[in-house]
Amino acid sequence: MLNASRFSILLMTDAVEDLWSLSNLIKRHFARFYIAKNEEEALSIILDKKIDVLLMGLKNLRENEACFLHLLSSNKNVDKILSRRILLCSREELKDAFSICNKDVFDDYFIVRPLYDPYHILLRLRFLRRVKNNRDSRDMNAVNLDDLCSYFDQVMNSQDVLDEVNQDSYEKLLTIVSFSMEKMKQNILKNSTLPKEQQKQISSIIDHHAESELIKEVSAHQKSTQQQLHAVVKDVTDIAQLKKDRLEHPKADAFPDSNILLIENDALMRDNIKENLESAGYSAQVSGGATHAIQLMRTWKPDIVMIDVKLPDMSPLYVINTIKNDSGMRHTRILLLATEGDKENTQEAMKLGVHGVLRKPVDRDMLIYKINYNLNLLKASG
């Protein structure tokens, strides 16, 4: 293997223009960054430059899988040279990307269409480079416990960093608003022939507008943005905490007698969640709609109910109210299953007192974390 400091990355894409921003960003931070437009170029660069990380960014997701598998079959050394394979995808392809990675074809996936967070992939690549530098000639898969826990700590501490950045931006924006309004006032009153009393009134009106309208609006927007940021980062940090806990304490809490009800309209999603629960030692009753679920809960009281925010037969809000009004389920924990576009329905459900939201497609680690967390609360409450 090459010297550890010679960390190399290859992006294979047939859509160079689409990934231009990402490519430039990576190139600024990693000197040994290459781009291949086809399989022949990619194979040549991998063998010649001893590529550490391969980014597969063809426009069609399935073509990425087929092309990479063909690369592996073309030359047996490809698999030995590459240490990490990352699949680039669009938000719409998220579920399929997860499925491909779940088959161990790729190690990870990253959303590039649209490119929401280009800096996150930099953090990932820097971590991989640090691992390689620490290992010298050893395999990059030989990441020890301290390395991983340190990485997860960085993820969990990201909220504090983002809070500082957000607060700094907010203060700068307020300064700009105040300065702009003051300059406007000076320009209006400069060389004015109006009586002093009218000038004072104009000055007062401008100051009042800046304080009661502009600054108030900026503050409200900043608060809303901060809340959204917290929600997104909390999901990420919760997963990081879970993975760290699992590394440090391999034996997770067991609740063999727990009762879980999953109400999910999408059969594929329903089967995937049920399979993930069963793989973690839980069993779950499943239902494809509200009517069947309500009938089920008349004689069986679950500890946790996971409800799809969009049901085919009636509103999930009705199901939530039914649970809340049933004395036999006063301790039942309710988790909502929602996608990015379900903001309005999710907010309405939150007002009724659901205990958490799981974003679809559901991450397995986040699912198990939420289940364990809520079952622990039930256990603690007796």
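Shown in residue order for the stretch 19-27 are the 3J(HN,Hα) couplings computed by the Karplus curve 6.51 cos²θ - 1.76 cosθ + 1.60 at θ = phi - 60°: 10, 4, 4, 5, 4, 5, 5, 5, 4 Hz (x for Gly and Pro). If the segment from residue 191 to residue 352 were pulled out straight at 0.36 nm per residue, it would be longer than the present Cα-Cα gap by 52.0 nm.
Remark: for residue pairs 172/196; 80/132; 50/76, the C-alpha separation exceeds 21 Å in 172/196. A straight chain from residue 380 to residue 59 at 0.36 nm per residue would run longer than the Cα-Cα distance by 110.6 nm. With the simple spin-label model, which puts each label point 7 Å out from Cα in the Cβ direction, the residue 326 to residue 216 separation comes to 4.6 nm. What residues of the stretch 37-55 lie in the reach of a label at residue 66, counting those whose backbone N is under 14 Å from a point 7 Å from the Cα along Cα→Cβ? Backbone N within reach: 39. Of 91, 330, 113, the order by accessible heavy-atom surface (1.4 Å probe, DNA, RNA and ligands excluded), from most exposed downward, is 330, 91, 113. Taking square-rooted eigenvalues a ≥ b ≥ c of the alpha carbon gyration tensor, is the stretch 1-100 rounded, prolate or oblate, where a/c under 1.5 means rounded and, failing that, a/b exceeding b/c means prolate? Since a/c reaches 1.5 but b/c is at least a/b, the shape of the stretch 1-100 is classed as oblate. For residue 328, what is the net charge nearby, where nearby means another residue's Cβ is under 15 Å from its Cβ and Lys, Arg count +1, Asp, Glu -1? In short, +3. Here are some pairs, 37/103; 59/370; 103/379; which of them have Cα atoms lying more than 28 Å apart in this structure? In this structure, 59/370; 103/379 lie more than 28 Å apart at Cα. Multiplying the residue separation of residue 227 and residue 177 by 0.36 nm and removing their Cα-Cα distance gives an extension gain of 15.8 nm.
Positive contributions from Lys and Arg (+1) and negative ones from Asp and Glu (-1), summed over other residues with Cβ under 9 Å from the Cβ of residue 107, come out at 0.
The values are calculated or read from the model by the stated rules, or taken from the named source; none is laboratory data. All of these numbers come straight from a predicted model, not from anything done at the bench. Don't worry about glycine lacking a Cβ; one is built from the backbone with ideal geometry, like all the others, and counts go over all protein chains shown. When the accessible area is computed, the model is the full protein with side chains, heavy atoms only, and any ligands, DNA or RNA have been set aside. Shrake-Rupley method; radii C 1.70, N 1.55, O 1.52, S 1.80 Å.
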